[in-house]
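Here is the structure we will look at, set down as structure tokens.
The values are calculated or read from the model by the stated rules, or taken from the named source; none is laboratory data. Worth saying up front: this structure is predicted, and the values here are computed from it rather than measured. Because the Cβ atoms are built from the backbone with ideal geometry, glycine has one as well, and the counts that use them run over all protein chains shown.
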Amino acid sequence: MQNLTNLILIPVVVIVIGLIIEYWVIQPIRKKSEVAIPSSPMISKGWATAIRRGIKQFKVQQTGYIWHWWSRNRNTITIEAWKIEKGCATLTLAVSGEYKTVETPVPGVIQFVTKQRVAGVYELIIDRTGDILRMDSLPFTSVQSSTSPNLSQEDLPETKLTIKNRKRPVVEKKNGEVKVIIEFDVENSGKVGKACPYVEFQVVTIGKDGKLAPQPFRSEPESYDIPALTIVPFRLKYSFHSPDWPLVGPSDKVRVELFPYPSTASRPA
């Protein structure tokens, strides 16, 4: 009899505990990580569903952030601005996350603190179904100067540049001209600095023997100023003319790196 009671009670207890965890722990955390849809008569139930679907697609494409609802370091999204017209919705999304910085509460005292900071700003255009028609990364500057007015360049760590949110290359062909568009963001977690993006991929072109064969294309050095504690979007374009054809498809190797400028000693020959 005791064994029969245990066989009945144990599954019931497990189910009850599972329901408690689901409704009192998991769902509240999930809801906290959901994007708040603006309250407006112009945003119908259908448009609200489309916005949620568009943001879900945005998260899938932006793999440089942490979206897992269970992660303590997850990034969050805020709809900063929106506009609906002609069957399309234009959304301005701000992606925030935690970052470590230093503050000087009193002269001579430096403290390391963790704060929330905008890590990226994007403009998203979606249709009525939520499909993304266009997505652009918008430039912005950290508000470090306003949050820590006593913090000088000397107090910041050295310039540290990282490539983030790299997108797949886009190929545009028009009137015999082929353009390759390379998009990515550069994050600087230190002092003001300069960087030289380096891009390399193969291009099918006519060789010395008169036959078509792949040859390496290497971008020329160009200096860009990168402000302190900032994320800067890059959109680089390279043009080619027939019969040259760039190999930048999913199975092709496209190299994107950052070199100090003007030093390009580590650039491949």
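Here is a yes/no grid of residues against (1) modelled with pLDDT of 85 or more; (2) outside the structural domain of MET135 (by TED's automatic domain parsing); (3) over 20 Å from the mean Cα position of the chain (by Cα); (4) not hydrophobic (A, V, I, L, M, F, W, C):
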| position | (1), (2), (3), (4) |
| --- | --- |
| VAL170 | yes, yes, no, no |
| ASN175 | no, yes, yes, yes |
| PHE184 | yes, yes, no, no |
| GLU200 | yes, yes, yes, yes |
What tally of residues in region 70-93 results from selecting those that are outside any strand (DSSP E or B) and among the small types (Gly, Ala, Ser)? 2
On the given criteria, is VAL203 within 14 Å of VAL232 (Cβ to Cβ), aliphatic (A, V, I, L, M) and in contact (Cβ under 8 Å) with a residue 24 or more places away in the chain? no
For region 40-60, state whether one or more residues are loosely packed, with under 11 Cβ neighbours inside 10 Å, in a loop (DSSP other than H, G, I, E, B), among the charged types (D, E, K, R) and at pLDDT 85 or above. no
Go through region 179-201 and count every residue that is within 26 Å of PRO250 (Cβ to Cβ) and crowded, with 18+ Cβ neighbours inside 10 Å. 11
Checking the conditions here, which among TYR99, TYR65 is at pLDDT 75 or above, within 27 Å of ILE163 (Cβ to Cβ) and in contact with a strand residue (DSSP E or B) (Cβ under 9 Å, 6 or more places away or on another chain)? TYR65
Residue under question is SER239, and the condition is that it be at pLDDT 80 or above, within 25 Å of VAL121 (Cβ to Cβ), not aliphatic (A, V, I, L, M) and not assigned by TED's automatic domain parsing to the domain that holds VAL121; does it hold? no
